[in-house]
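Report on the following structure.
The values are calculated or read from the model by the stated rules, or taken from the named source; none is laboratory data. This structure is a prediction, so every number in the text was calculated from the model and none was measured. Cβ: placed from backbone, ideal geometry, glycine included. Neighbour counts: every protein chain shown.
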Amino acid sequence: MSDTPNGPGWWQASDGRYYPPQGSTPGGPPGGVATDVDPTPPGADPTVPLAPGAPPRPGAPLPPPGPGGPARGRWKTWQLLVAVVVALLIGAAIGAAGASGDDDGEQVAARDTTTTSERQTTTTPERQTTTTPAPTTTAAPAPAAPESKGFVLESINIQKDFLDDFDATARIVDTEGGRGAGFTVTVFSGNQVVATLSGSANDMPADQAVTVDLISTDDYRDWDRYEFQTDYEF
C-alpha cells in the first residue's frame, strides 16, 4: 500500500491509501483479506453496500473519503493557518495599542508639564501710585474800599492828562446822603508822595455812587499806591 498510486491498476481503499492491482503480493488491505477474493458472500446481492470496514469489491467504485480522510487533513491544515494568521493580527494590534498608549502617556506628561509651567508664573505687584492732592488756594479777600467820614471811594482811574499832569476820575458813595464834601487822593511811589489830586461834590444821594473829577498840577510819573480822605463837609 502507499499514500499515492505507484502505477496502473492501483486503487484507493476506504482508509484513503492506495493498494496494488489485484493479484499482487506486496501489501494488502488491512485485516489480511486477499485483494483477488470477492468478499461478497455467495448468493449475496452485489448492489447491497458492504459492512463498515470491509474492503471494496474488486472493480467496484471507491467510496468517497470518510470524515477522517485526506479532506479532513487538509481542512485541519487550513484551520491551523487561519489560527496562526489571526494570532499574528491580534499580536500586531496589541503592540500598536501599547505604542499608542505610550505616546498618549508622553503627550499627557507633556501637557502636565506645560500646565505646571504656566501655573508657576510670577506676578509682579502693581505699583502703588500716591496721588498728592493739589493745594487749595484761597483767594485773599479784596481790600475794603477806602472810607473816610462816611464817604466811600468805590473806584478810581488815575491817568495822565493832556498837560502830562496827573488826572483822575473817582466813584464816591455817601453812606448818609444829602451832603457835600471835598476829597483828596494822595499818590505814592514807594514811600514818596508823587502827586496830590483834589475834587468835590454837592448834594450826594444816600448809598449811590457819584462821579467826581480829581485834578493835579503834579507831573505824571510812575506810582504804586494811593490814599483817600475826606477833607471837609458842607
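Keeping to region 176-234, report how many residues are acidic (D, E), part of a strand (DSSP E or B) and farther than 20 Å from F162 by Cα.
4
Pick from T124, T115: which is surrounded by fewer than 16 Cβ atoms within 10 Å (Cβ to Cβ), modelled with pLDDT under 95 and not in a loop (DSSP other than H, G, I, E, B)?
After ruling out the rest, the residue left standing is T115.
Does N191 satisfy being more than 16 Å from G150 (Cβ to Cβ) and more than 60 Å from the chain's Cα centre (by Cα)?
yes
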